[in-house]
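Visitor: Just passing along the structure, written as structure tokens.
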Amino acid sequence: MIAALDAEFRKLVTLPAVWLAVALTIGLPPALASANAAMLRRALDTGRLDGLLSTSTVDEGFGQLTLGIVGVIVLAVVAVSSEYTRSGQHSGGSRQLLSTMVAMPRRGQVIAAKIVAVTACTAVMAAITIPLTVTVSRAGLGRYASAFPDMLSRSVGVTAYWVCMALLALGLTALTRNGVVPMVLLITNASMISFSLLASRVTDFAKYLPDLAAYPSFISEHPMTHPLEPSAGLVVLAIWGAAAVAATAISYIIRDA
């Protein structure tokens, strides 16, 4: 298992898209938090609050951390889709997955190592990005900065959300054997058009979707009227994560390379 983990980490660091994912994850939330905090500070200074979606300073920083999953999704998708990318004709045009299976024929061990590697990378990025984003946000707000209640539990909520989305991206990519569809679907939902919020206008069961289930654990102003309790949301995330792990494992172990 140690050899498989070492191989997965080595593969990740050699992929340019992974470094792009790291840059997006660590750089995007603090940048957005800084800009948003400065805008909110100016609005509070001048009293011109029209046009602002929220004037609460309690969620500043944590709200921007929701966009950190853009990089997380890229990381997870590339970790799997790279296995199905065909090499050049000089290498026979074979997939990387075939080479992986030849070197490590135990498929269960290979996919377990991949899941652990992506989860570990996601957790490390969260450990760096969360305090950085919150610190930048507080600096931007200046005298308007609020004390963040339950900083530790909220950080756990963000980390759980990121890990769950990474596992979902792994599972969708493994099932489709294509990185484009999962990446477009998940990134669009996270940053452009929230399909989850649209679904919440139709049914209350939408609160069990991963993002809406996660938000109460780190954001006080939830977009739903009757969201889940933070602890219940974390349980829902765990269920989604377990389902994604099962889907990824089945795809790798049962289907042909």
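Visitor: How about the stretch 159-188: which of its residues are farther than 17 Å from Ala21 by Cα and in contact (Cβ under 8 Å) with a residue 12 or more places away in the chain?
Guide: Answer for the stretch 159-188, where residues must be farther than 17 Å from Ala21 by Cα and in contact (Cβ under 8 Å) with a residue 12 or more places away in the chain: Ala160, Gly171, Leu172, Ala174, Leu175, Arg177, Asn178.
Visitor: In the stretch 136-148, which residues are part of a helix (DSSP H, G or I) and in contact (Cβ under 8 Å) with a residue 12 or more places away in the chain?
Guide: Quick first cut of the stretch 136-148, residues part of a helix (DSSP H, G or I) only: 136-144.
Hits for the stretch 136-148 are Val136, Ser137, Arg138, Ala139, Gly140, Leu141, Gly142, Tyr144.
Condition check ((1) open to solvent by 60 Å² or more (accessible area, probe 1.4 Å); (2) closer than 22 Å to Val236 by Cβ) across all residues:
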{"site": "Arg138", "(1), (2)": "yes, no"}
{"site": "Ser146", "(1), (2)": "no, no"}
{"site": "Ser155", "(1), (2)": "no, yes"}
{"site": "Ala160", "(1), (2)": "no, yes"}
{"site": "Met165", "(1), (2)": "no, yes"}
{"site": "Gly171", "(1), (2)": "no, yes"}
{"site": "Val180", "(1), (2)": "yes, no"}
{"site": "Leu186", "(1), (2)": "no, yes"}
{"site": "Ser196", "(1), (2)": "no, yes"}
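Visitor: Something else about it: Among the residues of the stretch 199-219, count how many are surrounded by fewer than 18 Cβ atoms within 10 Å (Cβ to Cβ) and either within 18 Å of Leu67 (Cβ to Cβ) or among the aromatic types (Phe, Trp, Tyr) (or both).
Guide: Residues of the stretch 199-219 that are surrounded by fewer than 18 Cβ atoms within 10 Å (Cβ to Cβ), as a first pass: 199, 201-205, 208.
Going one step further and asking which of them are either within 18 Å of Leu67 (Cβ to Cβ) or among the aromatic types (Phe, Trp, Tyr) (or both), we end up with 205, 208.
Of the residues in the stretch 199-219, 2 are surrounded by fewer than 18 Cβ atoms within 10 Å (Cβ to Cβ) and either within 18 Å of Leu67 (Cβ to Cβ) or among the aromatic types (Phe, Trp, Tyr) (or both).
Visitor: For the stretch 193-222, which positions are more than 19 Å from the chain's Cα centre (by Cα) and either basic (Lys, Arg) or assigned to a loop (DSSP other than H, G, I, E, B) (or both)?
Guide: Arg201, Val202, Thr203, Ser220, Glu221
Visitor: A follow-up question, please. Please go through the stretch 7-39 and give me each residue that is more than 18 Å from the chain's Cα centre (by Cα) and open to solvent by 70 Å² or more (accessible area, probe 1.4 Å), ordered by number. Give the derivation first.
Guide: So the first thing to find is which residues in the stretch 7-39 are more than 18 Å from the chain's Cα centre (by Cα), and the list is 7-11, 13-16, 34-39.
Matches in the stretch 7-39: Phe9, Arg10, Val13, Thr14, Pro16, Met39.
Visitor: A follow-up question, please. Pull up the stretch 46-64, narrow it to residues that are on the phi > 0 side of the Ramachandran plot and open to solvent by 30 Å² or more (accessible area, probe 1.4 Å), then point me to the one that is modelled with the highest pLDDT. Break it down stepwise before answering.
Guide: Residues of the stretch 46-64 that are on the phi > 0 side of the Ramachandran plot, as a first pass: 47, 51, 61.
This time we only want the ones that are open to solvent by 30 Å² or more (accessible area, probe 1.4 Å), so: 47, 51.
On the way: Gly47: 74, Gly51: 64.
So the residue we want is Gly47.
Visitor: If Ala4 satisfies all but one of (1) within 12 Å of Gln64 (Cα to Cα); (2) over 18 Å from the mean Cα position of the chain (by Cα), what's the number of the condition it fails?
Guide: (1)
The values are calculated or read from the model by the stated rules, or taken from the named source; none is laboratory data. Here the structure is a predicted model, which means the values were calculated and not measured. Quick reminder, even Gly has a Cβ in these numbers, built from the backbone with ideal geometry, and neighbours come from all protein chains shown. Surface accessibility is based on the protein's heavy atoms, side chains included, excluding ligands, DNA and RNA. Shrake-Rupley method; radii C 1.70, N 1.55, O 1.52, S 1.80 Å.
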